[in-house]
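Everything below concerns the one structure shown next.
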Amino acid sequence: MQQRQIPDWLKNLQENSWELELLISGGAIFSLFQVSDAFITWMDTIGMIASLPGRAVLIMIGMIGIKVLTLGFIIHLSLRSYWLALVCINFVYPEGINVYKIKWKTPFKIKAEQNGDLQHQITHVDKQCGVVMFMSIISVFVIIGLTLIFMGLIGIMVLLESNSTLLSEYTFVSLFILFLLYIFDLLSFGLLRKIPFLTYILFPIFKLYDIVSFRAFYTEPLLMFNTNVVKWKFLIKALVFSLFAITTAYLSIYKTMHWPNLFDKREYRWQMADNDYIFYGAYMDEWKEDKTYRIGISSKVQTGNFMELFVTYHHIYDDLIEQTSDIDSLKNFDKILQVQIDSTIVSNLEWFPSSKTNNLIGVTTMIPLNSFSNGHHTVYVYTELKHKNIHQENEVADYKVTIPFWVDKNSKH
């Protein structure tokens with residue numbers, strides 16, 4: 001077998017790429033930590049302004065992709081730093097290991113040879129750096145490709161909803177099952193593509209999925225990896241890595257997705273006190289730039305005669321607004337809102353269309369507090385009773401929001 005010849009320019013690049021790798025990994029880690037928050041905010045904004053089928057799945061897939069890259073670059077940076085340390089110590093002590101000065105006793109054994117250096121370990125760590133860098137980046141390409149297929153299936157589902165027949169349902173279910181088989185085939189190093197006769201059944205749809213996911217772009221690198229790696233060792237490492245990636249992704253989005261914190265074992269965390277829960281995102285003086293919020297009052301403590309209330313306009317309210325009038329020009333967002341403080345419904349509020357600095361648009365009103373005494377009060381914001389059924393039918397969560405606040409008229413501020 002003729003040995004593969006590596007061009008001199010490529011060999012030189014391979015041997016001197018560590019500086020560039022350290023720079024790329026360090027910059028990527030810093031950037032990815034910023035991208036993580038920006039991605040969640042971006043998906044929240046999309047959910048606010050438009051109906052995006054499969055949004056929850058996209059958030060999960062996107063965050064897993066970000067964490068795969070982040071963890072991959074962190075591991076690569078750690079390995080490359082360790083490699084650099086080995087190179088340095090190997091250079092500082094060119095005479096190698098002095099075995100005679102090591103006086104370990106049985107059963108401890110010394111595998112090092114007299115005057116042996118660290119070249120073998122340096123080469124091994126260098127190769128591991130390359131594998132980690134490759135797998136981290138190629139995994140993101142794979143995730144992006146699978147996401148494109150998933151979005152295509154969601155689009156097909158939306159189109160078929162207008163023609164809800166048994167045939168259309170079977171078509172979508174079949175395509176989705178084949179998509180799951182496609183993922184299994186990818187993770188099992190092409191196992192299904194090796195089974196005689198089954199390949200003829202799978203070929204048309206698998207070929208379509210290959211095109212949609214741009215698999216041709218990374219097929220050869222994957223084949224090079226698949227045909228040289230020890231599969232059982234790789235699978236163990238991949239499972240451990242995936243567990244870390246999924247766990248870190250979950251910790252980043254569980255609040256956004258309103259999931260329970262599986263790592264919080266405090267049994268009575270929802271039984272702190274008998275009063276209403278204080279969510280600091282409901283107070284506008286606590287709001288952070290570029291974050292999306294559904295509703296808010298000016299602050300926890302009200303020291304003036306008026307309290308500002310802002311309600312963000314979300315696309316899921318459109319069906320409710322549609323019911324407010326038969327005349328399009330008279331259909332307004334403020335008509336579906338009802339405000340109550342303690343047991344008193346606040347009527348005749350004057351609402352104004354408004355926009356916050358973080359690009360939230362909605363309506364604002366100023367609630368007079370003259371008739372309310374100092375101390376604790378609660379403001380309730382909800383859709384009017386005649387719209388509640390429509391609200392629930394459209395699966396709009398939190399049709400009633402509760403916000404505790406305090407009045408302090410004696411404050412000088």
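Each value in this text was obtained by applying a stated rule to the coordinates, not by laboratory testing. Being a predicted model, the structure only gives us computed values, none of them experimental. Methodologically, a virtual Cβ is constructed for each residue, glycine included, from the backbone with ideal geometry; neighbour enumeration extends over all protein chains shown.
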Item checked: Residue order, fewest to most surrounding Cβ atoms within 10 angstrom, among ASP276, ASP126, ASP328 -> ASP328, ASP276, ASP126
Next item on the list: Using the Karplus curve 6.51 cos²θ - 1.76 cosθ + 1.60 with θ = phi - 60°, work out ³J(HN,Hα) for each residue of the range 367-377 in order, rounded to whole Hz, and write x for Gly and Pro.
Entry: 9, x, 10, 4, 8, 9, 7, 4, x, 7, 9
Next item on the list: Of the listed pairs LYS105/LYS233; LYS194/LYS233; LYS103/LYS237; LYS255/LYS291; LYS356/LYS400, which have alpha-carbon separations greater than 25 Å here?
Entry: LYS105/LYS233; LYS103/LYS237
Check: Taking amide H positions as placed 1.01 Å from N in the peptide plane, with prolines and chain starts having none, which residues 5 or more places from GLU308, or on another chain, fall under 5 Å of its amide H?
Finding: SER298, ILE367
Note to self: Let me make sure I get this right: for the range 8-253, a, b and c are the square roots of the gyration tensor eigenvalues over alpha carbons, sorted descending. Under 1.5 in a/c it's rounded, otherwise prolate if a/b > b/c, else oblate. Which is it?
What the structure shows: prolate
Check: Could you give me the ³J(HN,Hα) list for the range 55-67, computed from phi with Karplus coefficients 6.51, -1.76, 1.60 and θ = phi - 60°, whole Hz, x at Gly and Pro?
Finding: 4, 4, 5, 5, 4, 5, 5, x, 5, 4, x, 5, 6
Item checked: Stretch gain in nm, segment VAL173-PHE263, where the contour uses 0.36 nm per residue and the Cα spacing is subtracted -> 28.9 nm
Margin query: Please arrange MET366, MET63, MET135 by how many other C-beta atoms lie within 10 Å of their C-beta, fewest to most.
Written below: MET366, MET135, MET63
Notebook entry, point to check: Is it possible to state the helix-based mean residue ellipticity at 222 nm for the chain, with each DSSP H run of 4+ residues giving -39500 (n - 2.57), the sum divided by total residues, to the nearest 500 deg cm²/dmol? What is it?
Noted result: -17000 deg cm²/dmol
Next item on the list: Among ILE367, ILE201, ILE138, rank each residue by its count of other Cβ atoms within 10 Å, from fewest to most, as a rough exposure measure.
Entry: ILE201, ILE138, ILE367
Item checked: Positive-pole candidate from SER325, PRO368, PHE310, dipole of the range 280-407, charges at beta carbon -> PRO368
Next item on the list: Evaluate the relative contact order of the range 280-407 (contact order divided by residue number), counting alpha-carbon pairs under 8 angstrom at least 6 apart; express in whole percent.
Entry: 28 percent
